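Heads up: the structure comes next, in structure tokens.
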Number of protein chains: 2
Amino acid sequence: MLHCLRKYAQNGVMTSSPSLPVDGFGKTLLDYPRPSVAVDTALLTVHDGGLKVLLVPHPGAGLGWALPGTFVRPGERLADAVLRSLREKAGVSGRDPQQLHVFDEPGRDERGWVLSVAHVDVVPFGELPAGVKLISVTEFAGARVAQVRELPYDHAQIIDYAVAQVRSQYLSAPDPGGLLTPPFTLKELRELHEAVRGESLQRDTFRRAMEPQLVATGEISDGTKGRPAALFMPY
Amino acid sequence: MLHCLRKYAQNGVMTSSPSLPVDGFGKTLLDYPRPSVAVDTALLTVHDGGLKVLLVPHPGAGLGWALPGTFVRPGERLADAVLRSLREKAGVSGRDPQQLHVFDEPGRDERGWVLSVAHVDVVPFGELPAGVKLISVTEFAGARVAQVRELPYDHAQIIDYAVAQVRSQYLSAPDPGGLLTPPFTLKELRELHEAVRGESLQRDTFRRAMEPQLVATGEISDGTKGRPAALFMPY
DNA sequence: TTAATAGTGTCTGTGAGACATTATGGT
DNA sequence: ACCATAATGTCTCACAGACACTATTAA
């Protein structure tokens, strides 16, 4: 049995202390069973006037789609595991993964005891590889995803959390996810926010809320039609 | 090595499926190293006009204090682990643990690879056992706790998260944590909110915000001094 | 000149904040 | 009668929302 423990220690569980330090009860950490810990990420983008979420082929079942995810490796930050899973499974460079919630329901994964730390990240459509699977989240009440039936695990719930989180961030700040490449016009910014929030916004009210948080570049958009607009960048 | 894996399976890791199911890469879950997962809880209460957090003796070092916490057991929900740790380490029946954040910094625990899922819960002072260690969080800027030096791990940061979370909940709803036993007067409710939020509140503004969310019992407090107040209970 | 869009002025309703006034109990 | 506290009326200010008007470009 001790040999077994040492096997695991060599496997990367014990990183800093080779002497098997004990807790307050004189037990080694390895005397306690440990869960598998995964990260799953709802990667959101805006395309075609709507908020979309990226799916990847579900590795377990041959058919079906799932959120990109991976098991966390020893010594790895959760956010780094997220970035790695996005890179390897979706070919995307994520930017700033944010934790949403730990899903811990027993039996949520039939393979065993698996906790999933749900994350959300946001990336411009242009940075996605061609042909990725995107499904819309805006055309369903309560952000529930019905277009793909039976997402595995808690993935539908993760998408709900993610959409709520991103929408609340886009309430008062100009493009906090950095979906727009500056400089941009206020119209472009407003249409982005309308896509994220799934509702139309008042033109002048939106301007008054956002302009104090922007800085004008002094340049002007090409007025192909109508009066050209001033260009801004984030403050 | 296979023997070693089966040992772990018997130890509770594999709950539902005895046939060692595999993932998309043909590997067993147990082929991946797994972290220890703990829960740590900032249990907040209001006493003596201020917001306090409960500490317990730090089991590792003989002296020093820490937030109550425990390792999560197989098949156990995180919230149940929180309730168990509060019961066993603090003698308190928690009510509704809420997740705050997963702390995952490598090296945060010198015993090895340990993730901590931080939680917050709220309990009335009267339900605490006599003589528990409480420290104030109100008298420090930014809710940082300086009264007890060098809390272990990320516990000071957990308290910051917890205080911010509870304060935001007490912004617009009457006693969402259930610290008051109904019926209560608006003055009692306001003084509770003042204690939680660490600032004084306008009497009439507070009434206008809270009264629509309360229902009057029709009863009247005993006016030991001045006009008696109406009694309310949550809607 | 007209169409189209950008940018700004202004009116109104709502609600927070602050203060003043009235109501109701005990002493 | 007086005091202490509860409850409510009201004034002001700030701001979101809505609408209208002016400005600037291309065709």
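Readers should treat all values here as calculations from the given coordinates under stated rules, not as data from a laboratory. Predicted, not measured: the structure shown is a model, and the values here were computed from it. We place every Cβ from the backbone using ideal geometry, glycine too, and count neighbours over all the protein chains shown.
Observations
- When both the range B:151-209 and the range A:156-194 are represented by their alpha-carbon centers, they are found 31 Å apart.
- With its label point defined 7 Å out from Cα along the Cα-to-Cβ axis, A:ALA173 lies at 2.4 nm from the matching points of the other copies, in increasing order.
- Filter on A:LYS133/A:LYS225; B:LYS52/B:LYS89; A:LYS187/A:LYS225; B:LYS52/B:LYS225; A:LYS52/A:LYS89; A:LYS89/A:LYS187 - keep pairs with C-alpha separation over 25 Å: A:LYS133/A:LYS225; B:LYS52/B:LYS225; A:LYS89/A:LYS187
- The string of couplings for the range A:117-131 from the Karplus curve (6.51, -1.76, 1.60, θ = phi - 60°) is 8, 6, 10, 10, 8, 10, 8, x, 4, x, 8, 8, x, 5, x Hz, one whole number per residue in order, with x for Gly and Pro.
- Sorted from greatest to least, the principal axis extents spanned by the alpha carbons of the range A:186-234 come out as 29, 25, 16 Å.
- Sorted shortest first, the distances from the A:THR217 label point to those of the same residue in the other copies are 6.4 nm; each point sits 7 Å from Cα along Cα-to-Cβ.
- Positive contributions from Lys and Arg (+1) and negative ones from Asp and Glu (-1), summed over other residues with Cβ under 10 Å from the Cβ of A:VAL122, come out at -2.
- Across the range A:94-103, computed HN-Hα scalar couplings (Karplus, 6.51 cos²θ - 1.76 cosθ + 1.60, θ = phi - 60°) run x, 10, 8, x, 10, 5, 10, 5, 9, 9 Hz from first to last residue, x flagging Gly and Pro.
- In this structure the amide hydrogen of B:HIS58, modeled in the peptide plane, comes within under 5 Å of the amide hydrogens of B:GLY64, B:TRP65, B:ALA66, none closer than 5 places in sequence on its chain.
- Under 5 Å from the amide H of A:VAL215 lie the amide H atoms of A:MET233, A:TYR235, each residue being 5 or more positions distant or on a separate chain, with H modelled from the backbone and absent for Pro and chain starts.
- Placing a label point 7 Å from the Cα of B:HIS47 along the Cα-to-Cβ direction, the distances to the matching points in the other copies come to 5.7 nm, shortest first.
- Cα gyration tensor category, rounded, prolate or oblate, for the range B:36-169 with a/c compared to 1.5: rounded
- Positive minus negative residues near B:PRO35 (Lys, Arg vs Asp, Glu; Cβ under 13 Å): +2
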